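Chemist: First the structure, then my questions, so here it is.
The values are calculated or read from the model by the stated rules, or taken from the named source; none is laboratory data. As the structure is a prediction and not an experimental result, all values here were calculated from the model. For neighbour counting, all protein chains shown are included, and Cβ atoms are generated from backbone atoms with ideal geometry for every residue, glycine included. What goes into the accessible areas is simple: the full protein's heavy atoms, side chains included, and nothing from ligands, DNA or RNA. Shrake-Rupley method; radii C 1.70, N 1.55, O 1.52, S 1.80 Å.
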Amino acid sequence: MAFKKGMSVFWSLYMFFFAVPFPMFLYYSINYSGSGQRHVGSLSSPYLALAYLALAVVCWCWLFFRYFRQWIVSPIREERQLAALLKTGIPREATVVTSEAKGKPVDGYPQLAVTLRFDNLSGTPIQETLPVVDMRPGLHRFDTGKPVRLRINQDLAKTPVIVMDGSEFQPDRRRQLVIGLGWFLLLAVVAAYFVFSYRYENQGTGWRFLTFFHPLLVCPITLLALRWLVSGGLGKLFLSNTDAIQLKYAGHRAEARLLEARQTGTYINEQPQVRFELEYEDARGIVHRTSFKKIVDLLEMDITRSKTIPIFYLADQPQTVAFATDLEDTT
């Protein structure tokens, strides 16, 4: 899919650093001297230590369960949904707008980024860019202007949403195997850290060395909190992927009048959040007034002085809107 993502790889690694290596560095540098002896004066009570241990186990188990679903279960589910989409998806005729080589050839076949123009489920023209491995390049099926048949998922809550009719999907089993082994390796590392911590730190006191600020507890809680923050908390500052899919593939396009644009005082990566007050007329002639917040790049602040802005809206949820530029690769 071609929707803009709110979090970059850099920020993901940045948050991981503060979730795992940084708490571990602080804990061991503060609580242990060069001799390896714990110099913290207080230990947890036996019952409190057991409660911390139970909480740590639950948090790590929940975290690895989430990773298992995301890394292993989701790709397998998408394979099955893709096969079903090729049979039951709503057909649409599309036209190739552009076709460019992208990435290295796959088994000797060119890999392309094909931009298509077609009508969404509400009949609104949209564009989407799909990755394609052309197994028959001699036919020039993806030259500019060529017709292509698509299938759109009726249930936009599921993925994939769109696929080229007649596509063949060949899952990368080697990659899936590597991911699965990586999951088990991480699980083994965490289990080994439990053993290491106990042998290195118990000093005859059992699990009483375990405090709320121990990495065994802080790291999983921080990782879980960051997952929630990005998807449920911080993600609200950006257009969610679910709303974007609904708006793009089932929404109507309209020209909205910009009534007001003002900064909220919130900044993400030094980019301001702006509240937009909009008014637009839907396809039935009904006028709606709505507002929403959006992180605006400093180089795109001219949009706050525009008189009209193209938007997408949902007919059954007229308050749910998004700028067309946030949904389409080319507008």
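Chemist: Going residue by residue through the range 258-273, is there one that turns out to be more than 24 Å from the chain's Cα centre (by Cα), part of a strand (DSSP E or B), at positive phi and not aromatic (Phe, Trp, Tyr)?
Modeler: Yes, the range 258-273 contains at least one residue that is more than 24 Å from the chain's Cα centre (by Cα), part of a strand (DSSP E or B), at positive phi and not aromatic (Phe, Trp, Tyr).
Chemist: Could you pull out the residue among Thr115, Thr98, Thr88 that is open to solvent by less than 70 Å² (accessible area, probe 1.4 Å), β-branched (Val, Ile, Thr) and touching a residue at least 60 places away in the same chain (Cβ under 8 Å)?
Modeler: Going through Thr115, Thr98, Thr88 in turn, just one is open to solvent by less than 70 Å² (accessible area, probe 1.4 Å), β-branched (Val, Ile, Thr) and touching a residue at least 60 places away in the same chain (Cβ under 8 Å): Thr115.
Chemist: Now a separate question. Go through the range 200-222 residue by residue and tally those that are open to solvent by 80 Å² or more (accessible area, probe 1.4 Å) and in a helix (DSSP H, G or I).
Modeler: 2
Chemist: To continue, here is another question. With the structure loaded, tell me whether Gly166 is open to solvent by 30 Å² or more (accessible area, probe 1.4 Å) and at positive phi or whether it fails that test. Outline the logic, then answer.
Modeler: Working: open to solvent by 30 Å² or more (accessible area, probe 1.4 Å): yes; at positive phi: yes.
So Gly166 fits the description; yes.
Per-residue answers, yes or no, for (1) open to solvent by 30 Å² or more (accessible area, probe 1.4 Å); (2) under 20 Å from Phe17 (Cα atoms); (3) not charged (D, E, K, R):
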{"site": "Tyr198", "(1), (2), (3)": "yes, no, yes"}
{"site": "Val230", "(1), (2), (3)": "yes, yes, yes"}
{"site": "Arg253", "(1), (2), (3)": "yes, no, no"}
{"site": "Gln271", "(1), (2), (3)": "yes, no, yes"}
{"site": "Tyr280", "(1), (2), (3)": "no, no, yes"}
{"site": "Val287", "(1), (2), (3)": "yes, no, yes"}
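Chemist: Checking the structure you have, find out if any residue of the range 282-293 is touching a residue at least 40 places away in the same chain (Cβ under 8 Å) and hydrophobic (A, V, I, L, M, F, W, C). Don't jump to the end; show me each part of the working.
Modeler: Step one: filter the range 282-293 for residues touching a residue at least 40 places away in the same chain (Cβ under 8 Å), giving 293.
From the residues that got through so far, the ones that are hydrophobic (A, V, I, L, M, F, W, C) too are none.
Scanning the range 282-293 turns up no residue that is touching a residue at least 40 places away in the same chain (Cβ under 8 Å) and hydrophobic (A, V, I, L, M, F, W, C).
Chemist: Of all residues in the range 304-324, how many are surrounded by 15 or more Cβ atoms within 10 Å (Cβ to Cβ) and either without any contact (Cβ under 8 Å) to a residue 24 or more places away in the chain or of a type in the set (Phe, Trp, Tyr) (or both)?
Modeler: Total satisfying the criteria: 3.
Chemist: Return a yes/no flag: does the range 246-255 have any residue that is under 30 Å from Val161 (Cα atoms) and over 26 Å from the mean Cα position of the chain (by Cα). Full working, then the answer.
Modeler: Just the residues of the range 246-255 that are under 30 Å from Val161 (Cα atoms), to begin with: 246-255.
Filter once more, so that each one left must be over 26 Å from the mean Cα position of the chain (by Cα): 254-255.
Yes, that holds for at least one residue.
Chemist: Go over the candidates Tyr32, Tyr67, Tyr47 one by one and state the one that is modelled with pLDDT of 90 or more and surrounded by 12 or more Cβ atoms within 10 Å (Cβ to Cβ). Let's see the steps before the verdict.
Modeler: Numbers: Tyr32 fails: modelled with pLDDT of 90 or more; Tyr47 fails: surrounded by 12 or more Cβ atoms within 10 Å (Cβ to Cβ).
Of the residues listed, the single one that is modelled with pLDDT of 90 or more and surrounded by 12 or more Cβ atoms within 10 Å (Cβ to Cβ) is Tyr67.
Chemist: Same structure again: What strands (runs of 3 or more DSSP E), lying completely within the range 115-188, carry at least 2 residues that are among the charged types (D, E, K, R)? Spell out how you get there, then give the answer.
Modeler: Working: elements: 125-133, 147-152, 162-164.
Those strands (runs of 3 or more DSSP E) span 147-152.
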